[in-house]
Amino acid sequence: MQQIPLAAEPSQQLSITLDNQACAINVYTLGAKLYMDLAFNGTNVINTRPCLYGNLMLQDAGYYGFAGDFTWVDTNAGPTVPPTDPVFSGLGTRYQLIYLETSDLS
């Protein structure tokens, strides 16, 4: 498991290598919702995928050609606080994008 470094900005792009996969991640706001694009090794994998708490970004979209997956965590969630979908103002603190290695998914 690895936290992807994000800032509390409405739109951002980053390049990162995960499990020997050169990834380009784009996280951005459209309206009131957050979305994500992912390309790896030069191939677009997901585009305009809604960022939802607890979703597996790739497997839930039916894509299995990537080693691992991504999910969103709400660090404020707990027994009395229900989790919410991420918004840009909490990125990097309350809302974290987590890369799950293949071993984390089994």
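The values are calculated or read from the model by the stated rules, or taken from the named source; none is laboratory data. Everything quoted here is computed from the prediction, not taken from an experiment. Cβ placement follows ideal geometry from the backbone for every residue including glycine, while neighbour counts extend to all protein chains displayed.
A few comments on the model shown:
- Members of segment 56-100 found to be part of a loop (DSSP other than H, G, I, E, B), of a type in the set (Gly, Ala, Ser) and touching a residue at least 40 places away in the same chain (Cβ under 8 Å), listed by number: 67, 68, 92
- Criterion applied to 66, 70 was being in contact with a Phe, Trp or Tyr (Cβ under 7 Å, 6 or more places away or on another chain) and at pLDDT below 95, and the one residue passing it is 66.
- Across segment 43-63, the number of residues qualifying as of a type in the set (D, E, K, R) and at pLDDT below 95 comes to 1.
- When the criteria are applied in full, residue 22 meets the requirement of being assigned to a strand (DSSP E or B), surrounded by fewer than 17 Cβ atoms within 10 Å (Cβ to Cβ) and of a type in the set (Gly, Ala, Ser).
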